[in-house]
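Right, one structure below, let's go through it.
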Amino acid sequence: MIGKFTYEEVGQIIEKLKQSLIELRKLTPTKQSSELNDFVATVESYYKYLETTIEMNSAADKTLSYLKETLK
């Protein structure tokens, strides 16, 4: 879990962000503004951050589970 969200729910959010970026890039004009470029980069950075967070938290959960079983 990440906060109150399951890993699956966060994964779904990531996929929606990725899909939104694909659509946004299709709609952007030929001359892109720096603000729009910054927004796209921020959204891309955020979904990558979420992917990394899932990986780290999942690994931590596995480690904690292993330690709980080992220390019984």
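The values are calculated or read from the model by the stated rules, or taken from the named source; none is laboratory data. As the structure is a computational prediction, the values presented were derived from the model and not from experiment. Glycine also receives a Cβ, built like all others from the backbone with ideal geometry; neighbour counts cover every protein chain displayed. Please note that ligands, DNA and RNA were not included when accessible areas were found on the heavy atoms of the full protein model with its side chains. Shrake-Rupley method; radii C 1.70, N 1.55, O 1.52, S 1.80 Å.
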Next item on the list: For ASP61 and TYR49, compute 0.36 nm times the residue count separating them, minus their Cα-Cα distance, and round to one decimal in nm.
Entry: 2.5 nm
Next item on the list: With a probe of 1.4 Å, find how much accessible area the chain has per residue, and write the answer as a whole number in Å².
Entry: 81
Margin query: Could you tell me the calculated FRET efficiency between LEU17 and GLU69, based on Cβ-Cβ distance and R0 = 30 angstrom, to the nearest 0.05?
Written below: 0.25
Margin query: Can you tell me the orientation of helix 34-70 relative to the chain, as the angle in degrees between its alpha-carbon axis and the longest Cα principal axis, to the nearest 10?
Written below: 10
Notebook entry, point to check: Hey, what's the per residue convex hull volume over the C-alpha atoms of the stretch 33-72, in cubic angstrom?
Noted result: 31
Checklist line | Area projected by the alpha carbon convex hull of the chain, averaged over all directions, nm² | finding: 5.6
Check: Nearest 10 degrees, 0 to 90: what angle lies between the long axis of helix 7-27 and the longest principal axis of the chain (Cα atoms)?
Finding: 10
Next item on the list: Would you work out what percent of the accessible area of the chain, with all protein chains in place, is carbon or sulfur (probe 1.4 Å)?
Entry: 59
